[in-house]
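Comments concern the structure below.
The values are calculated or read from the model by the stated rules, or taken from the named source; none is laboratory data. Since the model is a prediction, treat every value here as computed from it, not as a measurement. We place every Cβ from the backbone using ideal geometry, glycine too, and count neighbours over all the protein chains shown.
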Amino acid sequence: MLLFFTPKKITALCFRSLLTFFLLFSFALTSKAQVLFNEDFATVSPLPAGWASQNLSNPVGSTGWFQGNTSVFPSQAGAPTAYIGANFNNTSGAGTISNWLFMPNISIKNGDVFTFYTRTVSAPAFADRLQVRMSLNGASTNAGANESSVGDFTTLLLEINPSLSPSGYPNAWTQFTVTISGVPTPTSGRLAFRYFVTNAGPAGSNSDYIGIDEAKYTATAACSGTPAPGATNSTANPVCPGTNFTLSLADPGAGVNYQWQSSPDGTTWTDIAGATNGTLTINQNVATYYHCNVTCGANTGTSTALQVTMASPTACYCLPGASDCTDDDMITRVRISTLDNASACSAGPPAGYSNYTSSVAAPTVYSGANNPITVNVPTTWTEQVGVWIDYNQNGQFEAAEFTNLGSNAGNGGVLNGTIVIPSNAPNGTTRMRVRVRFSTAWTSGQACT
């Protein structure tokens, strides 16, 4: 909730949520471009010609890569089952999924473009992750011998949802693009998908179901002249500390090399280690300038510098993990001052998280005083409720800003408590968060965990 402080009071109490966006990369092809493969996965058993797979999960589960299942979701294009899928049963119990899908052996070089579509289930509650990796060792399908190894596929080209957030994998068909760099001379090799999820499986807290469709590799013509990359673009600006955003170029060109640089002042520039693709996913804790040097032979062009600034702390509250509201673990009503809001389990994202910042009128509450609060929860099971208010408006829910309302035992699911707002709380708008869970009492450090 947001709280606006005036002497002896706080107003504007509401909720806010964050969204995760996925970048759709674009590219330009010349008339000399050549499509080396374009797979729609109409049939995956056997795998299409030139494709191979290996499940190195530990332990190995009951499934590998399989034909798309329309009862989960249909394909991006073509027949409803025309996609390839993988799921939590790639491992058993609580294990690590490392399931590889190797693409055909082709000649790889700078500027080539690989695109594909992927998604997970419509309402994800368990995190999925997918990598695209590259080997320049000819037709090799050597990915090592265990769930942690990568063998010849040492180059990570793309990683979707690296932090394994339940809401970090797209839940609708989304196209991703990889532009090859760091391969100045055409070299025989392969790309590979790696479905890679830790703490996965039927008994794990991660992994669900992913689909891949329309995998296409296009070899582009060699570059010429001096590149003109144009503007530097960002998927977010301003940004929150530690939150990933993706930089791209207005005109990335083809057959070129990239080197991204950063600067604290827009004058002194430093190479960003490993930032040699046409896009760059990065995060920061202070405002920073970025540009990219794009090289064709002996000629280099530089994109227009972009300063990515820092968002206000109150725009950067952490989000809790997903919850499926199993066994009536939900909040049905919150009352404080003039706020009286009924609620149910929300689809999020993340699942179980509700956002009322724009739909519920803010109440007036008072600093230096006791403020009664009432939270209603179901009575099917024992439920515990905790409340956090960001008194100092620094964008964090700190230990001193926590109030434990206790459990629903013996009160018919109506938990009454008192929020004691410090008298020195600054005037202005801040936020309140109310959480419920089964059985175990909340502690002050669990606003987001």
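In the range 399-416, the condition of being in a loop (DSSP other than H, G, I, E, B), acidic (Asp, Glu) and under 31 Å from the mean Cα position of the chain (by Cα) is met by no residue.
Being buried (at least 21 other Cβ atoms within 10 Å of the Cβ) and either without any contact (Cβ under 8 Å) to a residue 60 or more places away in the chain or under 18 Å from Thr179 (Cα atoms) (or both) holds for only one residue in Tyr258, Tyr289, and it is Tyr258. Given the residues Gly111, Gly138, which is the only one that is touching a Ser or Thr at 6+ places or on another chain (Cβ under 9 Å) and buried (at least 19 other Cβ atoms within 10 Å of the Cβ)? Residue meeting the stated conditions: Gly111.
Considering only residues in the range 344-357 that are farther than 19 Å from Ile389 by Cα and in contact (Cβ under 8 Å) with a residue 12 or more places away in the chain, the one that is surrounded by the fewest Cβ atoms within 10 Å (Cβ to Cβ) turns out to be Ala344. Of all residues in the range 404-449 being in contact with a Gly (Cβ under 6 Å, 6 or more places away or on another chain) and under 26 Å from Ala344 (Cβ atoms), which is surrounded by the most Cβ atoms within 10 Å (Cβ to Cβ)? Taking the candidates together, the pick is Leu405. Annotation: Asn341 fulfils all but one of (1) without any contact (Cβ under 8 Å) to a residue 60 or more places away in the chain; (2) under 26 Å from the mean Cα position of the chain (by Cα); the unmet one is (2). Within the option set Leu23, Leu19, being modelled with pLDDT under 95 and surrounded by 15 or more Cβ atoms within 10 Å (Cβ to Cβ) holds for one residue only, Leu23. Applying the condition of being under 23 Å from the mean Cα position of the chain (by Cα) and among the aliphatic types (A, V, I, L, M) to the range 122-149 and asking which residue is farthest from Thr70 (Cα to Cα) yields Met134. The criterion of at least 2 residues that are charged (D, E, K, R) and under 26 Å from the mean Cα position of the chain (by Cα) is met by none of the strands (runs of 3 or more DSSP E) wholly inside the range 216-315.
The requirement of being modelled with pLDDT of 95 or more, assigned to a loop (DSSP other than H, G, I, E, B), more than 19 Å from Ala172 (Cα to Cα) and in contact with a helix residue (DSSP H, G or I) (Cβ under 8 Å, 6 or more places away or on another chain) is satisfied by Thr63. Could you tell me whether the range 71-80 includes any residue that is within 28 Å of Ser140 (Cβ to Cβ) and at pLDDT 95 or above? Within the range 71-80, none of the residues are within 28 Å of Ser140 (Cβ to Cβ) and at pLDDT 95 or above.
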